[in-house]
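For reference, the structure is listed below as C-alpha cells.
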Amino acid sequence: MNISVPRRVTAVAALAALALGGLTGTSATARPAEAAGVAAAPDISLTAVKQHLTDLQSIATANGGNRAHGRTGYKASIDFVKAKLDAAGYTTSLQTFTSSGATGYNLIADWPGGDPNQVLMAGSHLDSVSSGPGINDNGSGSAAILETALAVSRAGYQPSKHLRFAWWGAEELGLVGSKYYVNNLPTTERSKIKGYLNFDMIGSPNPGYFVYDDDPTIEQTFKSYFAGLGVPTEIETEGDGRSDHAPFKSAGVPVGGLFTGASRVKTSAQVTKWGGTATAFDRCYHSSCDTTSNINDTALDRNSDAVAHAIWTLSAGSTNPPTGKVFENTADVSIPDNGAAVTS
Ligand code: TRP
Ligand code: CA
Ligand code: ZN
C-alpha cells in the first residue's frame with residue numbers, strides 16, 4: 001500500500017503560509033494544513049547561536065577589539081560566516097563596494113531550489129562600530145540568521161520560495177551595504193523579492209520584544225509566534241528606518257523584522273510587561289562593553305526561534321517532498337480491489 005504519513009505541521013505555520021500566498025498573488029487553496037504539507041520550523045539551538053557569538057567576539061579580540069567597516073575584523077567576520085555557509089551547501093557571493101575610502105563587503109547566500117521568481121530574504125548587518133566588538137549590535141542578528149541558514153541545510157528543507165540570506169557591510173556608516181545591494185539589483189530581480197526580514201539587535205541585555213510594523217503578513221507571522229510563547233510584543237518605534245530593511249522598503253519590497261531595543265530606556269509599564277529594569281534596553285549600545293556578556297539568553301533564544309519560524313512559514317515548503325499520493329489520514333481513503341488508492 002502507498003499511504004504516506006503526513007509531516008508535522010503547526011496551525012500557526014499553516015495560517016501564515018496561506019496569508020503570504022495572498023501577499024504574493026499565489027492562490028490559497030482550501031486544503032487543510034496537513035494536506036498542504038507545510039513543514040514546521042526546527043527549534044534553533046541557543047548554544048549554537050551563542051557559539052557563533054563567541055567566535056565573533058574572538059575575531060574582534062584578535063583584530064583590535066572591533067569588527068568595523070574597513071578594519072581587519074570585518075573581513076574576518078565575513079570569511080567566518082561564508083566558510084560555514086559554503087560547507088552547508090549554499091551558493092555564496094561577496095559583493096564589494098567602497099565607502100569612506102575603504103572596501104566594504106556584503107555576503108549573499110542562496111539556498112539552491114525554490115521558485116526563482118518568489119524570493120524570501122533575511123538579512124543582518126555584520127559590521128560593528130569601531131568602539132567595540134558589536135556582539136548584540138549586531139552579532140546577535142548575524143548569528144541567528146546564520147544558524148537558521150544552517151538549520152535549513154541540516155533539514156534538507158525544500159521551500160516553495162527561493163531562500164536568500166544576506167550579511168550587510170557598513171550599516172553603521174548609514175546602511176551603506178544594503179543600499180548598495182538594492183540600488184544595484186536590476187528591477188526584474190528586485191520585483192522577485194517577495195519579502196525581506198531584518199534582524200538588528202535581538203539579544204539586548206534588558207530586552208523588549210519589538211516587531212516591525214511594516215508588511216502585515218510578516219508582522220502577523222512574528223506576532224503569532226510570540227503569542228504562542230505567551231510573550232507580549234510591541235511595535236518597534238526606536239527609529240524606524242534605522243536599519244537595513246529601509247532600502248528594501250523604499251524599493252517597494254514588503255519588509256518586517258525583530259528588535260529588542262537599543263539606547264532607549266525601558267518604561268515602568270514595559271518592566272511590568274517584560275521584567276528587567278527601567279534603564280536602557282542596551283546600556284552597552286555602540287560601546288566597548290557590547291561583548292558576549294551583553295546578551296540576554298532568553299531574548300536571543302526566543303528571537304532566534306522566531307527567525308526560523310518566519311523563514312519556514314513564509315517560504316512554505318516541505319522537508320521531505322511527497323512522492324506519489326499523500327493522504328492526510330486513512331479515514332477518507334479507500335483502496336479498491338485493483339490496488340489504486342482513491343481519495344474521497
Ligand atoms: N541600526 C541601529 C544600529 O545598528 C540600531 C537601531 C536603532 C535599530 N533603532 C533601531 C535597529 C530600530 C532596528 C530597529 O546602530
Ligand atoms: Ca531555541
Ligand atoms: Zn545595528
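The values are calculated or read from the model by the stated rules, or taken from the named source; none is laboratory data. Because the structure is a prediction, the values reported are computed rather than measured. Glycine also receives a Cβ, built like all others from the backbone with ideal geometry; neighbour counts cover every protein chain displayed. SASA here: full protein model, heavy atoms, side chains in, ligands and nucleic acids out. Shrake-Rupley method; radii C 1.70, N 1.55, O 1.52, S 1.80 Å.
Here is a yes/no grid of residues against (1) modelled with pLDDT of 95 or more; (2) surrounded by fewer than 19 Cβ atoms within 10 Å (Cβ to Cβ):
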| residue | (1), (2) |
| --- | --- |
| L15 | no, yes |
| L20 | no, no |
| G25 | no, yes |
| A30 | no, yes |
| T47 | yes, yes |
| G64 | yes, yes |
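When we screen G114, G101 for residues that are open to solvent by 40 Å² or more (accessible area, probe 1.4 Å), at pLDDT 95 or above and away from ligand 3 (no atom under 16 Å from the Cβ), the only hit is G101.
Considering T233, T217, the condition of being polar (S, T, N, Q) and over 26 Å from V182 (Cα atoms) is satisfied by T233 alone.
Just one of the numbered conditions (1) closer than 18 Å to G239 by Cα; (2) surrounded by 23 or more Cβ atoms within 10 Å (Cβ to Cβ); (3) not aliphatic (A, V, I, L, M) is not true of G174: (2). Applying the criterion of being open to solvent by less than 60 Å² (accessible area, probe 1.4 Å) and on the phi < 0 side of the Ramachandran plot to the residues of segment 258-278, the residue that is nearest to ligand 3 (Cβ to nearest atom) is A262. Could you please tell me which pairs satisfy a Cβ distance under 6 Å, a separation of 6+ or placement on different chains, a first residue in segment 211-240 that is loosely packed, with under 14 Cβ neighbours inside 10 Å, and a second residue that is among the basic types (K, R)? What qualifies is P232/K273. Within segment 39-67, the residues that satisfy the criterion of being in a loop (DSSP other than H, G, I, E, B), more than 16 Å from ligand 2 (Cβ to nearest atom) and not basic (K, R) are A39, N63, G64, G65, N66.
Please enumerate the residues belonging to segment 121-146 that are open to solvent by 10 Å² or more (accessible area, probe 1.4 Å) and in contact with a helix residue (DSSP H, G or I) (Cβ under 7 Å, 6 or more places away or on another chain).
Passing the criteria: only V129.
Among the residues making up segment 275-314, those that are away from ligand 2 (no atom under 16 Å from the Cβ) and in contact with an Asp or Glu (Cβ under 9 Å, 6 or more places away or on another chain) are F281, D282, C284, Y285, H286, D290, N294. Taking the numbered list (1) farther than 19 Å from L314 by Cα; (2) touching a strand residue (DSSP E or B) at 6+ places or on another chain (Cβ under 8 Å) in turn, A143 passes all entries but (2). Somewhere in segment 280-292, is a residue in a loop (DSSP other than H, G, I, E, B), open to solvent by less than 60 Å² (accessible area, probe 1.4 Å), farther than 30 Å from M121 by Cα and within 16 Å of ligand 3 (Cβ to nearest atom)? Yes, segment 280-292 contains a residue that is in a loop (DSSP other than H, G, I, E, B), open to solvent by less than 60 Å² (accessible area, probe 1.4 Å), farther than 30 Å from M121 by Cα and within 16 Å of ligand 3 (Cβ to nearest atom).
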